[in-house]
Amino acid sequence: MSELETLEQDLIDSIAAAGSETALEAVRVLALGKKGSVSGQLKKLGKMSPEERQTAGPALNNLKVRIAEAIEARRDTLAEAALEERLRSETVDVTLPARPEQAGTIHPVTQVMEEVIAIFADMGFSVAEGPHIETDWYNFGALNIPPEHPARQDHDTFYLKEKPDGSRMVLRTHTSPVQIRTMEGQEPPIRIIAPGRTFRADSDMTHTPMFHQVEALVIDETTHMGHLKGTLEAFCKAFFEVDDIKMRFRPSHFPFTEPSMEVDIGCSWENGELKIGQGDDWLEILGSGMVHPNVIAAGGYDPERYQGYAFGMGIDRIAMLKYGIPDLRAFFEADLRWLRHYGFSAVSMPTLAEGLS
Ligand code: PHE
């Protein structure tokens, strides 16, 4: 074997033997570094005769290239093996039980949404959804709120940037647009609830810019206001877990329902503690009414044939009432101590059979 062949074989052996990227780097310096063995051979070229150089030059350069390639290939292999090793050693067994000192909790809003869904599912409602960013039409127009309607002022709407055609999308100010989307996508009869986020530019003790509502929509040929009252009463009893509940239906106005009612539930304050169901005080929990014929038509149904009711309820609000949470803003501050105090176990889902809370 020539001197060069021996050198190459030695280097290839050391590259193969390098067990880590650090060891491989050391081999690279010993071979191709300034004082490395390959570099040393290249320096000898200067002292050679032109004839010698003509064969030795290309041979040495080829050797250098082959060694560099071998190092690169080895580096890739080592990196891959290192990744494999990390993937193997850093796996997390998600089936292990939670460590109690680190267990997370379910946010009261999520808990209440699950409770509301469980109650209405039991009454034959399914769950519908819609986007948070809505067109003006779904949030207002289709709900019988034309552009100059004064009801728009009540909504403290967040608008998005104007589009080239002059229109502006909005953050939905209520879950009512889901009424229209559901009618468009389904044939009657309809029986849905739509829980989700809603947005209004408003912030104080009882208002946050993002909050939650649950919408309900029932449409068929015979549903009337008695059904609305009965459904709401059944819901309130189940949700607040009381046998009897005082409710008050107050005449009100929404452009998308006619007639419209706001619903209050009876309550009392005893020693600073709120009691739901009975008493001489009232708490407003939702807006409701018989769906306006214009809305039924906007949804694509014949208002001469179809009728029904809708309501929209504040989820954060009923969560505060049921669980005695005094300040709405705390819901969205992500304070760990608050979450530990008011949060719910992550392993027990609310069901009517096993208890809601
Ligand atoms: N969308 C109304 C609100 O946000 C509530 C509502 C829904 C009223 C459905 C009547 C019918 O205030």
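The values are calculated or read from the model by the stated rules, or taken from the named source; none is laboratory data. Since the structure is predicted, the reported quantities are computational estimates derived from the model, not experimental observations. Glycine gets a Cβ as well: all are built from the backbone with ideal geometry, and neighbour counts include every protein chain shown.
The residue that is nearest to the ligand (Cβ to nearest atom), among those in the stretch 238-265 that are of a type in the set (D, E, K, R) and outside any loop (DSSP other than H, G, I, E, B), is Glu262.
Screening the stretch 161-179 for residues that are touching a residue at least 24 places away in the same chain (Cβ under 8 Å) and loosely packed, with under 14 Cβ neighbours inside 10 Å and picking the one that is farthest from the ligand (Cβ to nearest atom) gives Ser167. Screening the stretch 238-280 for residues that are among the polar types (S, T, N, Q) and modelled with pLDDT of 90 or more and picking the one that is surrounded by the most Cβ atoms within 10 Å (Cβ to Cβ) gives Thr257. Just so you know, in the stretch 204-218 the residues that are touching a residue at least 60 places away in the same chain (Cβ under 8 Å) and away from the ligand (no atom under 13 Å from the Cβ) include one that is surrounded by the most Cβ atoms within 10 Å (Cβ to Cβ), and it is Thr208.
Residues checked against (1) part of a helix (DSSP H, G or I); (2) under 30 Å from Glu184 (Cα atoms); (3) among the basic types (Lys, Arg); (4) modelled with pLDDT of 95 or more:
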site: Leu63; (1), (2), (3), (4): yes, no, no, no
site: Asp93; (1), (2), (3), (4): no, no, no, no
site: Ile117; (1), (2), (3), (4): yes, yes, no, yes
site: Phe120; (1), (2), (3), (4): yes, yes, no, yes
site: Trp137; (1), (2), (3), (4): yes, yes, no, yes
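Condition (residue is at pLDDT 90 or above, within 30 Å of Ser203 (Cβ to Cβ) and either part of a strand (DSSP E or B) or not polar (S, T, N, Q) (or both)) applied to the stretch 299-306: is it met by at least one residue? Within the stretch 299-306 (the criterion being at pLDDT 90 or above, within 30 Å of Ser203 (Cβ to Cβ) and either part of a strand (DSSP E or B) or not polar (S, T, N, Q) (or both)), the answer is no, since none of the residues qualifies.
Taken over the stretch 26-56, the residue count meeting the criterion of being of a type outside the set (A, V, I, L, M, F, W, C) and touching a residue at least 24 places away in the same chain (Cβ under 8 Å) is 3. Annotation note: Cβ proximity below 6 Å between a residue of the stretch 149-160 that is touching a residue at least 12 places away in the same chain (Cβ under 8 Å) and a residue that is in a loop (DSSP other than H, G, I, E, B) and among the small types (Gly, Ala, Ser) (sequence gap 6+ or interchain) occurs for Asp156/Ala201; Phe158/Ala201. Here Ser167 fulfils each of the conditions (1) part of a loop (DSSP other than H, G, I, E, B); (2) in contact with a Leu (Cβ under 9 Å, 6 or more places away or on another chain) apart from (2). Is it the case that Ile296 is assigned by TED's automatic domain parsing to the domain that holds Ile265 and at pLDDT below 95? So Ile296 fails the test.
Only one entry in Leu274, Leu286 is of a type in the set (A, V, I, L, M, F, W, C) and either within 16 Å of the ligand (Cβ to nearest atom) or in a loop (DSSP other than H, G, I, E, B) (or both), namely Leu286.
Considering Gly196, Gly141, the condition of being more than 24 Å from Ile315 (Cα to Cα) and surrounded by 15 or more Cβ atoms within 10 Å (Cβ to Cβ) is satisfied by Gly141 alone. Looking across the stretch 319-340, just one residue is under 18 Å from Pro100 (Cβ atoms) and surrounded by 12 or more Cβ atoms within 10 Å (Cβ to Cβ), and that is Leu339. Being outside the structural domain of Leu336 (by TED's automatic domain parsing), surrounded by 13 or more Cβ atoms within 10 Å (Cβ to Cβ), part of a helix (DSSP H, G or I) and touching a residue at least 24 places away in the same chain (Cβ under 8 Å) is not true of Ala23. Confirm whether Lys229 is in a helix (DSSP H, G or I), farther than 18 Å from Gln213 by Cα and either within 16 Å of the ligand (Cβ to nearest atom) or in contact with a strand residue (DSSP E or B) (Cβ under 6 Å, 6 or more places away or on another chain) (or both). Yes: the conditions hold for Lys229.
Within the stretch 297-355, track down each residue that is of a type in the set (Val, Ile, Thr) and either within 24 Å of Met225 (Cβ to Cβ) or within 16 Å of the ligand (Cβ to nearest atom) (or both). Passing the criteria: Ile315, Ile318.
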